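The structure is given below, and queries will be raised subsequently.
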Amino acid sequence: MVTSKLLHDQPRKGSDVLVEALEREGVTDVFAYPGGASMEIHQALTRSHTIRNVLPRHEQGGVFAAEGYARASGKPGVCIATSGPGATNLVSGLADALLDSIPLVAITGQVPRRMIGTDAFQETPIVEVTRSITKHNYLVLDVEDIPRVVREAFYLARTGRPGPVLIDVPKDIQQQLVVPKWDEPMRLPGYLSRMPKMPNEDHLHQIVRLVSEAKKPVLYAGGGCMDASEELRRFVELTGIPVTNTLMGLGTFPASDDLSLRMLGMHGTVYANYAVDKSDLLLAFGVRFDDRVTGKLEAFASRAKIVHIDIDSAEIGKNKQPHVSICGDIKIALQGLNQILEKGEGKGFDFSSWRSELDEQKVKFPLSFKTFGEAIPPQYAIQVLDELTGGDAIISTGVGQHQMWAAQFYKYNRPRQWLTSGGLGAMGFGLPAAIGAAVARPDAVVVDIDGDGSFIMNVQELATIRVENLPVKILLLNNQHLGMVVQWEDRFYKANRAHTYLGNPSKESEIFPDMLKFAEACDIPAARVTKKADLRAAIQKMLDTPGPYLLDVIVPHQEHVLPMIPAGGGFMDVITEGDGRTQY
């Protein structure tokens, strides 16, 4: 337990109570940017012996770093910002954490209580602003509530379906003296009564029966399986059912396993989408039938009986009506299923003909790319990185084409290796998320695979990386364009460029901006590579250089992410050919 520097009955400031409450939750790292309304909290942080502040250079960098920390470690990430613009700069990160179910506690300073609602300097009603993009939020109006509110916030963030919780603390409460009561009970009767129950035995037996009746089962596993990876692998070992992962679920089942169909959905493999299309049983575990996975809902798994297991009751039947559903923790449900299977129920599953049908598809439609002269195919850069890191690095990304290639061409074999903004698709996520991962997992190799558009959105975080001396490697796939929008322009808008060129139009032959100079400004070693023959050595040098490193990889902007099922389409509409060198 935390040893307070004060005697237990000595009064202290609300800000010190807040920091001690964080210590009691096991917090060791925060991402906090100071301002007028939060400086009391920062003063208190300097008095903490256990909490390190990693100073971001923008509050959005702070909240994305806290998310990277949470995604890489599984523990709630903590970020702190001041009132007004500091608080509103957290908005994208909170929305991102809600959509991707990431445990996060955001603390904001607020103007003193008497000034709330007077349009005071740097005042925004952040509880109102964030109401629909947080799991829950608090405005602390009594200093005595701080211990309870902090305990509740962490409990809410990490239990059930995880998510972001915001605590707004007025400055006068931070300054008020109080003797903290650490044993105040939580007041969450409604939430606790809705916590999912143990799975019903009959339902588990019913699922095993459906598996034994199926000829073409597929397991569709998502981010909900992040902490149930071992149970998932055991279930697959016992049944021999092929597995496809969502973008958020990558790593929950090893991509290098023979039964892995890799990612499904809009940019998923042909064979994963083929498997779902032809399946007669779809086991949907910890997923939400997102539009980027399903495309046209009526056509998605239209021949299959659907089993849906999810911790959030709101997701069951939201987009697709299941035949059997369990609202509960997938880890516990899988443990129950595995016990039934280990007792010998439904023995002798034989899906070998189904598996060989899928193996045929794997051979026929592998993930592939073309090479043009000496130009570096972006997919190849990721493949080489996968080889040289032994598939063992923690990868963060921005959003766009590079993100999809990083999902396709790096083989994730463990959970919490893949950090990406899935539901929100927030550009600028990669660099700060890598900071959070490097803080959470100092032993790991952390690589931000980024695009030139995304990278520049939080480029200021290079300063944090240097000052904290974090060994973050940046593999920048630089095509001088907003690649994913360019791909859509090529396919659906006759290649009409509508503000998607990110270079300098008056000097088109030059790379602009010069990313190496951003690195130089922050004293980070950097290099540029333009030829395929030089790439392997350049990536090896990046990995061998101690500390941070930026590798600017110049790639052609004509590349398209394939396969592609156009938005709202079905498996029959899959595109497997072509690029920006072709007219449509």
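The values are calculated or read from the model by the stated rules, or taken from the named source; none is laboratory data. What you are looking at is a predicted structure, and each value in this text was computed from that prediction instead of being measured. Backbone-built Cβ (ideal geometry, glycine too); neighbour counts: all protein chains shown. Protein only, heavy atoms only, side chains kept; ligands, DNA and RNA dropped before computing areas. Shrake-Rupley method; radii C 1.70, N 1.55, O 1.52, S 1.80 Å.
Could you sort 486-496, 279-289 so that the peptide with the highest average Cβ count within 10 Å comes first and the rest follow in order? If you can, show how the numbers build up before the last one.
Numbers: 486-496: 16.4, 279-289: 25.4.
Descending mean neighbour count gives 279-289, 486-496.
Return one whole number: the accessible area per residue of region 300-420 in Å², for a 1.4 Å probe. Please report the intermediate quantities before stating the final value.
Working: 5060 Å² over 121 residues.
With the other protein chains kept in place, region 300-420 gives 42 Å² per residue.
Let me ask you something else. Please list 309-320, 112-123 highest first by mean number of surrounding beta-carbon atoms within 10 Å per residue. Each step should come with its number before you reach the end.
Details: 309-320: 18.4, 112-123: 13.2.
Top to bottom by mean Cβ count within 10 Å: 309-320, 112-123.
If you place +1 on the Cβ of every Lys and Arg, -1 on the Cβ of every Asp and Glu, and leave all else neutral, what size is the dipole of region 378-561 about its Cα centre, to the nearest 20 Debye? Please report the intermediate quantities before stating the final value.
Values: 16 positive and 20 negative charges, 65 e Å.
Taking the Cα centre of region 378-561 as origin, the dipole is about 320 debye.
While we're looking at this one, here's another question. Distances longer than 20 Å among the Cα atoms of region 378-561: what percent of all pairs is that? Don't skip to the answer; put the middle values down first.
Values: 8362 of 16836 pairs.
Result for the distance tail: 50 percent.
Using a basic spin-label model with each label point 7 Å from the Cα along Cα→Cβ, how many nm lie between A495 and K541?
Each label point lies 7 Å from its Cα, and together they span 3.4 nm.
Report the far tail of the P(r) of the chain, meaning the percent of Cα-Cα pairs longer than 30 Å.
Details: 92392 of 170236 pairs.
In whole percent, the long-distance tail amounts to 54.
Moving on. Taking only DSSP H segments of four or more residues, each worth -39500 (n - 2.57), what value at 222 nm results for the chain once the sum is divided by all its residues, to the nearest 500 deg cm²/dmol? Provide the component values of the computation, followed by the final result.
Values: 23 runs with 212 residues, N = 584.
Here the helix-only value at 222 nm equals -10500 deg cm²/dmol.
Which residues does a label at T28 reach in region 422-466, if reach means a backbone N under 19 Å from a point 7 Å past the Cα toward the Cβ?
434-446
Starting from the amide H of L104, placed 1.01 Å from N in the peptide plane, find each other amide H under 5 Å away whose residue is 5 or more places distant or on another chain.
Correct list: G77, G163, V165.
Report the calculated FRET efficiency for N504 and T371 (r = Cβ-Cβ distance, R0 = 22 Å), to the nearest 0.05.
Numbers: r = 28 Å, r/R0 = 1.26.
Between N504 and T371 the formula returns 0.20.
Let me ask something else. Place a +1 charge on the Cβ of each Lys and Arg in region 247-396 and a -1 charge on the Cβ of each Asp and Glu, then give the dipole magnitude about the Cα centre in debye, rounded to the nearest 20. Let's see the in-between values first.
Details: 16 positive and 21 negative charges, 87 e Å.
Using only the charged Cβ atoms, the result is roughly 420 debye.
Under 5 Å between amide hydrogens, which residues at least 5 positions from I575 or on another chain qualify, with H placed 1.01 Å from N in the peptide plane?
Residues meeting the criterion, in which the H sits 1.01 Å from N, are M564, I565.
Just order 87-93, 185-191, 437-443 by mean Cβ neighbour count inside 10 Å, highest at the front, would you?
By packing density, highest mean first, the sequence is 87-93, 437-443, 185-191.
Mind checking which of A537, G422, S506 is farthest towards the positive end of region 378-561's charge dipole, using Cβ charges of +1 (Lys, Arg) and -1 (Asp, Glu) about the Cα centre?
My answer, from the dipole projection, is G422.
Could you check how much of the accessible area of region 475-584 is carbon and sulfur, as a whole percent, using a 1.4 Å probe?
On the way: 3080 of 5630 Å².
Carbon plus sulfur share of accessible area: 55 percent.
Per residue of region 507-512, in order, report the coupling 6.51 cos²θ - 1.76 cosθ + 1.60 (Karplus, θ = phi - 60°) as ³J(HN,Hα) in whole Hz, putting x for Gly and Pro.
Result, ordered by residue: 9, 5, 7, 9, 7, 9 Hz.
Right, something else. I need the semi-axes of the equivalent ellipsoid of region 364-464: take the C-alpha gyration tensor, multiply each eigenvalue by 5, square-root it, list largest first in whole angstrom.
Working: eigenvalues 101, 56, 33 Å².
Semi-axis lengths for region 364-464 are 22, 17, 13 Å.
Which listed residue (I102, L250, V446) has the Cα farthest towards the positive end of the charge dipole for the chain, taking +1 on Lys and Arg C-beta and -1 on Asp and Glu C-beta about the Cα centre?
L250
List the residues whose amide H sits under 5 Å from the amide H of Q110, counting only those 5 or more places along or on another chain, with H placed 1.01 Å from N in the peptide plane.
Under 5 Å from the amide H of Q110: V169, K171.
A further question follows. Stretch A567-E520 to full length: gain in nm at 0.36 nm per residue minus the Cα-Cα span? All intermediate terms of the calculation are to be shown ahead of the outcome.
On the way: separation 47, 0.36 × 47 = 16.92 nm, distance 4.09 nm.
The A567-E520 span can extend by a further 12.8 nm.
Which length gain, in nm to one decimal place, applies between D312 and E342 when the Cα-Cα distance is subtracted from 0.36 nm times their residue separation? Spell out each step's value before the answer.
On the way: separation 30, 0.36 × 30 = 10.80 nm, distance 2.78 nm.
Full extension from D312 to E342 adds 8.0 nm.
Quick check: at a probe of 1.4 Å, how many percent of the accessible area of region 201-364 sits on carbon and sulfur atoms?
Numbers: 2900 of 6510 Å².
It is 45 percent, rounded to a whole number.
Sticking with this one: Report, ordered by chain and residue number, the lysines lying within cross-link reach of K318, taken as a straight Cα distance under 18 Å and ignoring same-chain residues fewer than 8 apart.
The reachable lysines, counting only those whose Cα sits under 18 Å from K318, are K296, K305.
Could you point to the residue in T28, G93, P189 farthest towards the positive end of region 12-192's charge dipole, with +1 and -1 charges on the Cβ of Lys/Arg and Asp/Glu respectively?
T28
Can I ask one more? At a Cα cut-off below 17 Å, give the aspartates and glutamates reachable from K197, other chains included and same-chain residues fewer than 8 away excluded.
D310, D312, E315, D329
Run down the lysines and flag those whose C-alpha is under 27 Å from the C-alpha of K507, throwing out any fewer than 8 positions away in its chain.
Hits, sequence-local ones excluded: K494, K517, K531, K532.
What is the magnitude of the charge dipole of the chain about its Cα centre, with +1 placed on the Cβ of each Lys and Arg, -1 on the Cβ of each Asp and Glu, and no other charges, expressed in debye to the nearest 20? Present the calculation step by step, with values, prior to reporting the outcome.
Numbers: 60 positive and 70 negative charges, 95 e Å.
Computed charge dipole of the chain: roughly 460 debye.
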